[in-house]
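Reading through the structure tokens given below for one structure.
The values are calculated or read from the model by the stated rules, or taken from the named source; none is laboratory data. Only a predicted model underlies this, so the values are computations on that prediction, with no experimental measurement involved. For neighbour counting, all protein chains shown are included, and Cβ atoms are generated from backbone atoms with ideal geometry for every residue, glycine included. To get the accessible areas, we keep the full protein, side chains included, count just its heavy atoms, and leave off ligands, DNA and RNA. Shrake-Rupley method; radii C 1.70, N 1.55, O 1.52, S 1.80 Å.
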2 protein chains.
Amino acid sequence: MADSGNPSNEELKSVRDAFLKELDSGMKFWTKHSHDEQYGGFLMCLAEDGEVYDTHKYGWMQCRQVWMYTYLYQHFEKFRTPEILDAAKKGLQFIREHLPMRHLEGRAQKRCYFAVTREGKPYRVQRKPFTECFFAMALWGMYEITDEEALKDQAMAELEAYAYWAREDASDLGAPVLEGQPSVSMLNRPMMLLNLILLMVKPDSEFFARHATWCIERILKHSQGGYILEILGLDDKPLEGSEGRHLNPGHAMEASWFLMEYWRKFDSGNSKLLQTAIDEFLTRPLEYGWDEKFGGVFMFLDRDGYPPVHLEWDMKLWWPHCEGMIACLMAYQHTGDAKHWKAFRQLYDYSFKHYPDAKHGEWFGYVNRQGEISQTLKAGPYKGCFHTVRCWALCSELVDSILKK
Amino acid sequence: MADSGNPSNEELKSVRDAFLKELDSGMKFWTKHSHDEQYGGFLMCLAEDGEVYDTHKYGWMQCRQVWMYTYLYQHFEKFRTPEILDAAKKGLQFIREHLPMRHLEGRAQKRCYFAVTREGKPYRVQRKPFTECFFAMALWGMYEITDEEALKDQAMAELEAYAYWAREDASDLGAPVLEGQPSVSMLNRPMMLLNLILLMVKPDSEFFARHATWCIERILKHSQGGYILEILGLDDKPLEGSEGRHLNPGHAMEASWFLMEYWRKFDSGNSKLLQTAIDEFLTRPLEYGWDEKFGGVFMFLDRDGYPPVHLEWDMKLWWPHCEGMIACLMAYQHTGDAKHWKAFRQLYDYSFKHYPDAKHGEWFGYVNRQGEISQTLKAGPYKGCFHTVRCWALCSELVDSILKK
């Protein structure tokens, strides 16, 4: 087998076990350090050893942790425990009480605060609609476990509001409309909607009929000339300037596996979709996003090689590697082509060399271009119990299913 | 002289000439590449060699370049040219036409857009009042040259609006007021007001009486326990959490020389003020801000050594080094203490090793912790014709005056 470039059963088992080991020690970290027994919800700014360095609670992370727990509870025997379910319920109670902007009217009531204080008082507002998406995921995850209709209804109401903001009119979000600001198509809008559809929506539903094809079409438009562009003009052409050339290879690889999941669940006769998802959204971004000098996937790039304007452009963040590993394993699972296993190993070897913390559990997230840890935090405003844990869980499941083939 | 640690005249001359050489080649860069002959104003996103990589015009940078040109025109024989004056006038015309938010009412009309398109259409709004401050500086600089009363009046009206936002009520700026968000004292508010007072306000004026002492008192409150804290609670105590421990050593060193200028111009009998400005705002920040491992001043730090949450915390940006050099030379000028010359040389040696570009002129601005250039741009949304040029100009003048002592 090794000659073909395909992994042996021993290699597959060792990879699966490595993911399960991280999942185990990562979850020990989260359950030990992040549960706020005093105020509910999760403490989300945690140093290397789990010490709380700030008590603000960030909406993305609160919601994602609830969803992650409901996923593990449903998919892993080991985590089907009263402790996990109870923590997810308490987390959900905190976010239902404190995140929604109840003082607003109509659809805007579906908006959520981006961050609250430890006790739950509003602290930050973001004019992007993503806390709301993660809130929908959290509600839905708990609905799947409890069958409680009120959770389902609230999740679907958040989803409907998001779909409206993403497709029709985002003025509820409060961003100013400026004459010199072109209307644009952002890749993250249909990607997030697709992610929610994959989790929450049945293919025979009215919601699916209205939105699923739109998501796929919009995402595919962002593939242009061998690059996945984050932002397009509404004429589907690249914008002038830095914004129009902005590349986020990790984001493209995440889109790749969302597209593959759509193909697998709803459109498995469409081999062209699978091919595009793999070639254009995974293989190419991994080519142009890989740092040949020091290894790892760059955070951001400029398509034409002009100076990327984000200071962190050359850092190697954990999450593009997590998303890339999931996508490579899916590509290998669906095609059996050893080149995707090779691509997976490239990301896997880099990740397991740079991010794990054998002492305290959970991965470090922020590595500089050279491969040194530049921020020792385990949790912060944009890193929580999500990309790592989802990657370890999905990858262990994917390798398992490859083993069983 | 060398034994005492004081510089010889040869060393002083060589340092002065090095600054003048950078000033010369830097200004060649700006005049050659940034003047937008087609639409007016300045092109502000320039690659290493001056190529325009984006045509958006950022308000801070447009205004600062106008002010910088008026400063050079007034202070340097070499730049007292029709070309410099004409470019400043055209730049000022562009910003007067396109930056103010004329559709608003009352004091809010004094607000400016943060960025506009090449032609001047509104592109970005910032909920901080600093474009307005730099607009006031630009107007004032041109008033000093032309004696045109309308420029003076408009500059003072912007200054009055800023003082109101900084001291009384910032609700014109549009940031939401949230229950969990404490009212805070930000160091940048009184610093910027002091900077404008130093440039624009006479000590016998009513504006000076109302605001000057407030600025000094507020700035000094931010020095606590050997650190300059960027943010305080309104009770003048450090806030809990990351915000409360946030350090920006370059910003502290910039405050140091604003305080020294205040002392020199308006309060030269107050030796305690001079001592505090030097010991607490310059010497200490340079101690705790210096990277003993790779050299250079860190961008941000956490006072207690917790993980700094900004991804760029360990980068070595040009501007803290520029502001630090000005402050060290002033401290040396006012005290004659050789330790400030030594501190100056530490910053000077680092800067001249890492930032200059002998080929194209103007300094690189973004160096990683290890000292390698991580962003090759010469101009971008937050780097323009300002910190470098102001540093070269002021430092050459300061060394000149030390030579003449």
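Against the condition over 18 Å from the mean Cα position of the chain (by Cα), farther than 30 Å from A:GLU51 by Cα and not small (Gly, Ala, Ser), how does B:LYS202 come out, does it pass? Judged against the criteria, B:LYS202 is a match.
Could you check region B:232-258 and list, in sequence order, the residues that are open to solvent by less than 20 Å² (accessible area, probe 1.4 Å) and touching a Ser or Thr at 6+ places or on another chain (Cβ under 7 Å)? Once the filter is applied, which keeps residues that are open to solvent by less than 20 Å² (accessible area, probe 1.4 Å) and touching a Ser or Thr at 6+ places or on another chain (Cβ under 7 Å), region B:232-258 yields B:LEU232, B:GLY241. Of the candidates B:GLU179, B:GLU168, the single residue that is of a type in the set (Asp, Glu) and outside the structural domain of B:MET68 (by TED's automatic domain parsing) is B:GLU179.
Once region A:336-394 is narrowed to residues that are charged (D, E, K, R) and open to solvent by less than 10 Å² (accessible area, probe 1.4 Å), the residue that is farthest from B:GLN370 (Cα to Cα) is A:ARG390. Inside region A:111-123, residues that are free of Cβ contacts under 8 Å to residues at least 60 places away in the same chain and outside any loop (DSSP other than H, G, I, E, B) make up a count of 2.
Exactly one residue out of B:PHE298, B:PHE294 is within 12 Å of chain A (Cβ to nearest Cβ), touching a residue at least 12 places away in the same chain (Cβ under 8 Å) and open to solvent by 50 Å² or more (accessible area, probe 1.4 Å), and it is B:PHE294. Could we say that A:PRO320 is modelled with pLDDT under 95 and either buried (at least 22 other Cβ atoms within 10 Å of the Cβ) or hydrophobic (A, V, I, L, M, F, W, C) (or both) here? In short, no. Evaluated against (1) open to solvent by 20 Å² or more (accessible area, probe 1.4 Å); (2) in the same structural domain as B:GLU132 (by TED's automatic domain parsing); (3) assigned to a helix (DSSP H, G or I), B:GLU22 falls short on exactly one condition, (2). Within region A:301-315, the residues that satisfy the criterion of being facing chain B (nearest Cβ under 10 Å) and open to solvent by less than 50 Å² (accessible area, probe 1.4 Å) are A:ASP302, A:PRO307, A:PRO308, A:LEU311, A:GLU312, A:TRP313, A:ASP314, A:MET315.
As a summary of the residue check, B:TYR69 satisfies the conditions (1) assigned to a helix (DSSP H, G or I); (2) closer than 23 Å to A:PRO307 by Cβ except for the one numbered (2).
Screening region A:1-19 for residues that are without any contact (Cβ under 8 Å) to a residue 40 or more places away in the chain and more than 30 Å from A:PRO82 (Cβ to Cβ) and picking the one that is surrounded by the most Cβ atoms within 10 Å (Cβ to Cβ) gives A:GLU11.
The single condition from (1) open to solvent by less than 20 Å² (accessible area, probe 1.4 Å); (2) over 24 Å from the mean Cα position of the chain (by Cα); (3) more than 14 Å from every other protein chain (Cβ to nearest Cβ) that B:GLN109 fails is (1). Out of all the residues in region A:316-335, is one or more more than 20 Å from A:GLY289 (Cα to Cα), in a loop (DSSP other than H, G, I, E, B) and more than 14 Å from chain B (Cβ to nearest Cβ)? Within region A:316-335, none of the residues are more than 20 Å from A:GLY289 (Cα to Cα), in a loop (DSSP other than H, G, I, E, B) and more than 14 Å from chain B (Cβ to nearest Cβ).
What number goes with the only condition from (1) of a type outside the set (Val, Ile, Thr); (2) under 21 Å from B:ARG345 (Cβ atoms); (3) in contact with a strand residue (DSSP E or B) (Cβ under 8 Å, 6 or more places away or on another chain) that B:LYS13 does not pass? So B:LYS13 meets the others, but not (3). Within the option set B:TYR39, B:TYR71, being within 14 Å of chain A (Cβ to nearest Cβ) and of a type in the set (Ser, Thr, Tyr) holds for one residue only, B:TYR39.
Going by the conditions given, is A:PHE281 in the same structural domain as A:MET191 (by TED's automatic domain parsing), outside any helix (DSSP H, G or I) and either out of contact with any Cys (no Cβ under 9 Å at 6 or more places or on another chain) or closer than 26 Å to A:ASN368 by Cα (or both)? Considered against the rule, which asks whether it is in the same structural domain as A:MET191 (by TED's automatic domain parsing), outside any helix (DSSP H, G or I) and either out of contact with any Cys (no Cβ under 9 Å at 6 or more places or on another chain) or closer than 26 Å to A:ASN368 by Cα (or both), A:PHE281 comes out as no. Among the residues making up region A:286-312, those that are hydrophobic (A, V, I, L, M, F, W, C) and not in a loop (DSSP other than H, G, I, E, B) are A:LEU286, A:TRP290, A:VAL297, A:LEU301. Does region B:340-361 contain any residue that is touching a residue at least 60 places away in the same chain (Cβ under 8 Å), within 14 Å of chain A (Cβ to nearest Cβ) and farther than 26 Å from B:LYS293 by Cβ? Yes, region B:340-361 contains at least one residue that is touching a residue at least 60 places away in the same chain (Cβ under 8 Å), within 14 Å of chain A (Cβ to nearest Cβ) and farther than 26 Å from B:LYS293 by Cβ. Take the conditions β-branched (Val, Ile, Thr), without any contact (Cβ under 8 Å) to a residue 40 or more places away in the chain and within 14 Å of chain B (Cβ to nearest Cβ) and apply them to A:VAL177. Does it pass? Yes; evaluated as a whole, the condition is true for this residue.
Of the residues in region A:246-265, none is within 22 Å of A:GLY371 (Cβ to Cβ) and within 14 Å of chain B (Cβ to nearest Cβ).
For every residue, the table says whether it meets (1) of a type in the set (Gly, Ala, Ser); (2) more than 13 Å from B:LEU99 (Cβ to Cβ); (3) open to solvent by 60 Å² or more (accessible area, probe 1.4 Å).
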{"residue": "B:THR131", "(1), (2), (3)": "no, no, no"}
{"residue": "B:ALA138", "(1), (2), (3)": "yes, no, no"}
{"residue": "B:ILE145", "(1), (2), (3)": "no, yes, no"}
{"residue": "B:ASP153", "(1), (2), (3)": "no, yes, yes"}
{"residue": "B:ALA166", "(1), (2), (3)": "yes, yes, no"}
{"residue": "B:ASP172", "(1), (2), (3)": "no, yes, no"}
{"residue": "B:SER185", "(1), (2), (3)": "yes, yes, no"}
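Per the listing A:PHE266, A:PHE294, A:PHE298, the residue uniquely under 19 Å from A:LEU196 (Cα atoms) and aromatic (Phe, Trp, Tyr) is A:PHE266.
Give me the pairs, please: first residue somewhere in region A:48-61 and within 22 Å of A:SER25 (Cα to Cα) and facing another protein chain (nearest Cβ under 8 Å), second residue anywhere and among the aromatic types (Phe, Trp, Tyr) and assigned to a loop (DSSP other than H, G, I, E, B), beta-carbon distance under 7 Å, and either six or more positions apart or on two chains. Filtered contacts from region A:48-61: A:TYR53/B:TYR306. Would you confirm whether any residue within region B:147-156 is out of contact with any Leu (no Cβ under 6 Å at 6 or more places or on another chain), among the hydrophobic types (A, V, I, L, M, F, W, C), in the same structural domain as B:ALA255 (by TED's automatic domain parsing) and part of a helix (DSSP H, G or I)? No: zero hits.
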